[in-house]
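First the structure, in the form of structure tokens, and then the observations on it.
The values are calculated or read from the model by the stated rules, or taken from the named source; none is laboratory data. Quick caveat, the model's predicted, so the values are computed rather than measured. Using ideal geometry, Cβ is built from the backbone for each residue, glycine included, and neighbour counts are taken over all protein chains shown. These area figures cover heavy atoms from the full protein model, side chains too; ligands, DNA and RNA do not enter into them. Shrake-Rupley method; radii C 1.70, N 1.55, O 1.52, S 1.80 Å.
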Amino acid sequence: MIFKNITDIKAAVEAYREAHPAPAVPAGEQRITAALCDMDGTLYDSMSRHSAAWFRLMTELGVECERDEFYLYEGMTGANTIRHLFKRAFDTVPTDEEVAELYHRKTQYFCELPKPDVMPGAQELIRFCVSHGVRPVLVTGSGQNTLINRLDADYDRAFSPDLRVTSHIVKRGKPDPEPYLMALKMAGVDASRA
């Protein structure tokens, strides 16, 4: 379902709540204390740009691929995306230095494209979380500083720098649970409260 505005989202949430009532929570106890938020396609409408940048890079390198295939790798680190595609195309894995250079090129291609918009309703959702004592925690497979550096301005400093899991600090990206487990630890919460 695609929502056109925040009113539609609120109505859908309310309808879900009515159909699926939550168990009673003792007075003074808050169930959710952290919201784990992806960046690309959740906070920013950036996936089409990532896909275009990846497609440009990989086709220049002679990797057979489809432009839309890069949506399948959303959440993976850039390094893991490069390694995966090189293994598939050339049955080899590039060195760490080659991976860094290739990811830098992909980032340059991304930056040449129009600046991604904030996803509709995302700012309102994050403000709602903050106003209700729920700390937003960034959990992204990206290392795209052009977007990470916009978080403070676009989201009113809601994403504390010490509550940001990016490709810069994980060993394994999504779909591995490591980024989410790291986010829970950073936020000091159990998964039942996020």
Legend entry - Filter result for the condition that a residue is more than 18 Å from residue 142 (Cα to Cα), open to solvent by 60 Å² or more (accessible area, probe 1.4 Å) and touching a Phe, Trp or Tyr at 6+ places or on another chain (Cβ under 8 Å), over 63, 93: 93
Legend entry - Every residue from the stretch 96-112 that is open to solvent by 60 Å² or more (accessible area, probe 1.4 Å) and under 27 Å from residue 155 (Cβ atoms): 104, 108, 111, 112
Legend entry - Count of the stretch 50-90 residues which are within 22 Å of residue 166 (Cα to Cα) and either touching a strand residue (DSSP E or B) at 6+ places or on another chain (Cβ under 9 Å) or among the polar types (S, T, N, Q) (or both): 7
Inset, instruction - Scan (1) at pLDDT 95 or above; (2) open to solvent by 70 Å² or more (accessible area, probe 1.4 Å) for the single condition residue 180 breaks and write down its number. - result: (1)
Inset, instruction - Filter the stretch 8-40 down to the residues that are open to solvent by 100 Å² or more (accessible area, probe 1.4 Å), of a type outside the set (Asp, Glu) and assigned to a helix (DSSP H, G or I), then identify the one that is modelled with the lowest pLDDT. - result: 16
Legend entry - Flag for residue 55 being open to solvent by less than 90 Å² (accessible area, probe 1.4 Å), modelled with pLDDT under 70 and farther than 29 Å from residue 182 by Cα: no
Inset, instruction - Would you tally the residues in the stretch 129-149 being touching a helix residue (DSSP H, G or I) at 6+ places or on another chain (Cβ under 9 Å) and in a loop (DSSP other than H, G, I, E, B)? - result: 6
Legend entry - Flag for residue 85 being among the aliphatic types (A, V, I, L, M) and open to solvent by 50 Å² or more (accessible area, probe 1.4 Å): no
Inset, instruction - Could you list all residues from the stretch 42-99 that are closer than 16 Å to residue 113 by Cα and of a type outside the set (A, V, I, L, M)? - result: 44, 45, 46, 48, 49, 50, 51, 54, 55, 56, 67
Inset, instruction - Return the only residue of 130, 170, 118, 134 being farther than 30 Å from residue 7 by Cα, touching a residue at least 12 places away in the same chain (Cβ under 8 Å) and not hydroxyl-bearing (Ser, Thr, Tyr). - result: 170
Inset, instruction - Give just the number: which of (1) in contact with a Gly (Cβ under 6 Å, 6 or more places away or on another chain); (2) of a type outside the set (S, T, N, Q); (3) without any contact (Cβ under 8 Å) to a residue 40 or more places away in the chain does residue 103 not satisfy? - result: (3)
Inset, instruction - Filter the stretch 155-177 down to residues that are of a type in the set (Lys, Arg) and surrounded by 15 or more Cβ atoms within 10 Å (Cβ to Cβ) and give me whichever is nearest to residue 124 (Cα to Cα). - result: 164
